[in-house]
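Chemist: This is the structure I want to talk about, given as structure tokens.
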Amino acid sequence: MSILIKNGRIISAADDYHADILIEGETISAIGRNLDAPRAKVIDAKGKLVFPGGIDPHVHLDMPFMGTFSSDDYESGTRAALHGGTTMVIDFVLQTQGKSLYSALREWQKKSVGKALGDYSYHIAVTDFNESTRKELKDLIEKEGITSFKTFMAYKGALMIDDGQMVDLMQEVKKLGGMVTVHATNGDMIDKLIAKHRSEGKLSPLYHYLSQPEITEAEASGRFVDMAYYTDVPAYIVHLTCEGALNQVRNAAKRNQKVFVETCIQYLLLDASLYEKDFEGAKWVMSPPLRQKKDQETLWAGINQGLVQVVATDHCPFMWEQKLMGKEDFSKIPNGHPAIENRIELLYSEGVHTGKISLNKFVEVSSTNAAKIFGMYPRKGCIAVGSDADIVIFDPHATHKLSAKTHQMNVDYSGYEGWEITGKCETVLLRGQVAIEQGEVRVEKGYGQFIKRGKVSKVV
Ligand code: URP
Ligand code: ZN
Ligand code: ZN
């Protein structure tokens, strides 16, 4: 079946023009004025924006964490993502310490194959780097198309690796053409502060925030950047939140080192005052925590300065019942926040509509840069002849309210309850199929495909 999208305003990371798009099979076959395809289904996009499907390179679906599992699985999570204009996600496979990377990969394949509605890939979190895991990296990159390896500088005992392992991993990944990504916060400092607050009987969600001050993130970010400089590995910092951490990246840029930076939608829009709402603050208990208004300004500026290349979500939802695990002790609140469905619309409404970023920048940070950085461009992340027809048709004037009552994510609260936003994903296509139309999902469970990725590019 072919589809002809007529009269849309096409926005890419670089361009803004009116044209029609012809889709045949899974890919775009023509872009031009007054295209004609008599047998095609026609979608009239007059007055609408047409841009590449969003790519969210930081989500946690069905993830075992802090004694429970994130509440969206591959089915509900990718369905919610599609509703919100995100056609592809990259999830995290977590190695269990003492076990192989491949055994973790097999576990995640069971969670995802045949279940996802949207396309997906994995980063592999290396939590125990040793001689046998070293040998697995080549096949993961070359046979499986998994080219990015996540590290944690926090969560000691389960996920954290030390600096020696980090440097070893970086050297190996550099040799093989991959990328090392990081959760950059100083785990030892944070653990010390958590213990101090607990011993003083300071147990509310506010102390989650106070246990992870800005310096814990700035210090670890600087250390990671230095190790990446030493090993010359392509490096990417996930969920960067604050001025102190971004300054470390600025310093790296001065010595002509390129470190990619991701922030998340919540760090641009929400601030730490939410932790003052007693236990309700648990809704926003995530790591790193929300920061100050001055950090939001730094992050928006960082996007415009090209220092921050990606806006992701770190979608890691937990039901309220699960958050209550930490009712008496903030350190037991499962860390994470739901946003997979809201990212694109929030970024448009609060970024483009308010004039903070341009439409081109919006496309760059929500789709194109992730495709480039993670080895999927130009198959993903752009509207071009030959690319996958992953397309959002967006009404820039529609207003609507965000609420847990109407969202698709499998979580019983919203971090943005009652927010009135401008702009709505109207129709979403994934590999040439209409995936979302008139608020309904049109693809089946299992339609989503695992996307093999190429070696890391330095083009962004
Ligand atoms: O709070 C968070 N971010 N939960 C998910 C795990 C992580 O650190 O990304
Ligand atoms: Zn993290
Ligand atoms: Zn995360």
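Chemist: Would you confirm whether any residue within the stretch 47-70 is open to solvent by 50 Å² or more (accessible area, probe 1.4 Å) and away from ligand 1 (no atom under 16 Å from the Cβ)?
Modeler: yes
Chemist: So, in the stretch 33-87, of the ones that are at positive phi and either within 16 Å of ligand 3 (Cβ to nearest atom) or of a type in the set (Lys, Arg) (or both), which residue ends up nearest to the chain's Cα centre (by Cα)?
Modeler: Here is the first cut: in the stretch 33-87, the residues at positive phi are 34, 47, 62, 66-67, 85.
Now narrow it down to the ones that are either within 16 Å of ligand 3 (Cβ to nearest atom) or of a type in the set (Lys, Arg) (or both): 62, 66.
Values: 62: 15, 66: 20 Å.
Here the answer is 62.
Chemist: Any chance you could count how many residues in the stretch 243-260 are at pLDDT below 95 and either within 16 Å of ligand 2 (Cβ to nearest atom) or surrounded by 18 or more Cβ atoms within 10 Å (Cβ to Cβ) (or both)?
Modeler: Of the stretch 243-260, the ones at pLDDT below 95 are 251-258.
Retained after the next criterion (residues that are either within 16 Å of ligand 2 (Cβ to nearest atom) or surrounded by 18 or more Cβ atoms within 10 Å (Cβ to Cβ) (or both)): 252.
So the answer is 1.
Chemist: Take residue 127 and tell me if it is more than 26 Å from residue 86 (Cα to Cα) and either within 16 Å of ligand 1 (Cβ to nearest atom) or open to solvent by less than 10 Å² (accessible area, probe 1.4 Å) (or both). It would help to see each step written out before you state the result.
Modeler: Details: more than 26 Å from residue 86 (Cα to Cα): yes; either within 16 Å of ligand 1 (Cβ to nearest atom) or open to solvent by less than 10 Å² (accessible area, probe 1.4 Å) (or both): yes.
Yes; evaluated as a whole, the condition is true for this residue.
Chemist: Could you say which residue among 403, 387, 414, 366 is farther than 24 Å from residue 70 by Cα and among the polar types (S, T, N, Q)? Please lay out each step first, then the result.
Modeler: Values: 403 fails: farther than 24 Å from residue 70 by Cα; 414 fails: farther than 24 Å from residue 70 by Cα; 366 fails: farther than 24 Å from residue 70 by Cα.
It is 387.
Chemist: Looking only at the stretch 20-41, decide whether some residue is outside any loop (DSSP other than H, G, I, E, B) and in contact with a helix residue (DSSP H, G or I) (Cβ under 7 Å, 6 or more places away or on another chain).
Modeler: Here is the first cut: in the stretch 20-41, the residues outside any loop (DSSP other than H, G, I, E, B) are 20-24, 27-32, 41.
Then drop every residue that is not in contact with a helix residue (DSSP H, G or I) (Cβ under 7 Å, 6 or more places away or on another chain), which leaves none.
Looking through the stretch 20-41, none of the residues is outside any loop (DSSP other than H, G, I, E, B) and in contact with a helix residue (DSSP H, G or I) (Cβ under 7 Å, 6 or more places away or on another chain).
Chemist: Conditions: (1) closer than 19 Å to residue 419 by Cβ; (2) open to solvent by less than 10 Å² (accessible area, probe 1.4 Å); (3) away from ligand 2 (no atom under 16 Å from the Cβ). Residue 337 meets all but one. Number of the miss?
Modeler: Condition not satisfied by residue 337: (3).
Chemist: Sticking with this one: Can you pull out every residue in the stretch 60-88 that is outside any loop (DSSP other than H, G, I, E, B) and within 21 Å of residue 349 (Cβ to Cβ)? Step through it out loud before you land on a result.
Modeler: Keep residues of the stretch 60-88 that are outside any loop (DSSP other than H, G, I, E, B), which gives 64-65, 68-69, 74-83, 86-88.
Once the filter is applied, which keeps residues that are outside any loop (DSSP other than H, G, I, E, B) and within 21 Å of residue 349 (Cβ to Cβ), the stretch 60-88 yields 80, 81, 82, 83, 86, 87.
Chemist: Residue by residue through the stretch 415-460, note down the ones that are open to solvent by 10 Å² or more (accessible area, probe 1.4 Å), among the small types (Gly, Ala, Ser) and farther than 30 Å from residue 40 by Cβ.
Modeler: 418, 454, 457
Chemist: Among what's in the stretch 89-103 and is open to solvent by 10 Å² or more (accessible area, probe 1.4 Å) and not in a helix (DSSP H, G or I), pick the residue that is nearest to ligand 2 (Cβ to nearest atom).
Modeler: Of the stretch 89-103, the ones open to solvent by 10 Å² or more (accessible area, probe 1.4 Å) are 94, 96-100, 102-103.
With not in a helix (DSSP H, G or I) added as a condition, the list becomes 94, 96-100.
Details: 94: 11, 96: 17, 97: 17, 98: 21, 99: 21, 100: 22 Å.
Of everything passing the filter in the stretch 89-103, 94 is nearest to ligand 2 (Cβ to nearest atom).
Chemist: Kindly state which strands (runs of 3 or more DSSP E) lie completely within the stretch 367-460 and contain at least 1 residues that are of a type in the set (Ser, Thr, Tyr). Break it down stepwise before answering.
Modeler: Values: elements: 391-401, 420-430, 433-437.
Output list reads 391-401, 420-430.
Chemist: Sticking with this structure for a sec: Would you mind finding the one in 351, 302, 306 that is open to solvent by 10 Å² or more (accessible area, probe 1.4 Å), more than 16 Å from ligand 3 (Cβ to nearest atom) and within 30 Å of residue 381 (Cα to Cα)?
Modeler: On the way: 351 fails: open to solvent by 10 Å² or more (accessible area, probe 1.4 Å); 302 fails: open to solvent by 10 Å² or more (accessible area, probe 1.4 Å).
Answer to the check: 306.
Chemist: Return the pairs, sorted by first residue and then second, in which the second residue is of a type outside the set (A, V, I, L, M) and open to solvent by 10 Å² or more (accessible area, probe 1.4 Å), the first residue lies in the stretch 299-317 and is away from ligand 2 (no atom under 16 Å from the Cβ), the beta carbons are less than 7 Å apart, and the residues are 6+ apart or on different chains.
Modeler: 300/356; 303/361; 304/361; 307/250
Chemist: Confirm whether residue 240 is crowded, with 23+ Cβ neighbours inside 10 Å, more than 24 Å from residue 77 (Cβ to Cβ) and either of a type in the set (Val, Ile, Thr) or touching a Ser or Thr at 6+ places or on another chain (Cβ under 9 Å) (or both).
Modeler: Details: crowded, with 23+ Cβ neighbours inside 10 Å: yes; more than 24 Å from residue 77 (Cβ to Cβ): no; either of a type in the set (Val, Ile, Thr) or touching a Ser or Thr at 6+ places or on another chain (Cβ under 9 Å) (or both): yes.
Answer is no for this residue.
For every residue, the table says whether it meets (1) open to solvent by less than 60 Å² (accessible area, probe 1.4 Å); (2) away from ligand 1 (no atom under 14 Å from the Cβ); (3) in contact (Cβ under 8 Å) with a residue 24 or more places away in the chain; (4) in a loop (DSSP other than H, G, I, E, B).
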site	(1), (2), (3), (4)
141	yes, yes, yes, no
146	yes, yes, yes, yes
150	yes, no, yes, no
167	yes, yes, yes, no
170	yes, yes, yes, no
174	no, yes, yes, no
182	yes, no, yes, no
188	no, yes, yes, no
201	yes, yes, no, yes
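Chemist: Going residue by residue through the stretch 220-231, is there one that turns out to be open to solvent by less than 40 Å² (accessible area, probe 1.4 Å), modelled with pLDDT of 95 or more, under 30 Å from residue 280 (Cβ atoms) and of a type in the set (Ser, Thr, Tyr)? Give the steps one after another, and end with the answer.
Modeler: First, the residues of the stretch 220-231 that are open to solvent by less than 40 Å² (accessible area, probe 1.4 Å): 220-222, 224-225, 227-228, 231.
With the extra rule that they be modelled with pLDDT of 95 or more, the set shrinks to 220-222, 224-225, 227-228, 231.
In the following step, the residues that additionally are under 30 Å from residue 280 (Cβ atoms) were identified as 220-221.
From the residues that got through so far, the ones that are of a type in the set (Ser, Thr, Tyr) too are 221.
Looking through the stretch 220-231, at least one residue is open to solvent by less than 40 Å² (accessible area, probe 1.4 Å), modelled with pLDDT of 95 or more, under 30 Å from residue 280 (Cβ atoms) and of a type in the set (Ser, Thr, Tyr).
Chemist: Also, quick follow-up: So residue 79 ticks every box in (1) within 20 Å of residue 117 (Cβ to Cβ); (2) open to solvent by less than 10 Å² (accessible area, probe 1.4 Å) but one. Which box is left unticked?
Modeler: Among (1) within 20 Å of residue 117 (Cβ to Cβ); (2) open to solvent by less than 10 Å² (accessible area, probe 1.4 Å), the lone unmet condition for residue 79 is (2).
The values are calculated or read from the model by the stated rules, or taken from the named source; none is laboratory data. Just so it is clear, the structure is predicted and the values come from calculations on it, not from any experiment. Heads up, the Cβs are rebuilt from the backbone with ideal geometry, glycines too, and the neighbour counts pull from every protein chain shown. We work out accessible area using only protein heavy atoms, side chains counted, and drop any ligands, DNA or RNA first. Shrake-Rupley method; radii C 1.70, N 1.55, O 1.52, S 1.80 Å.
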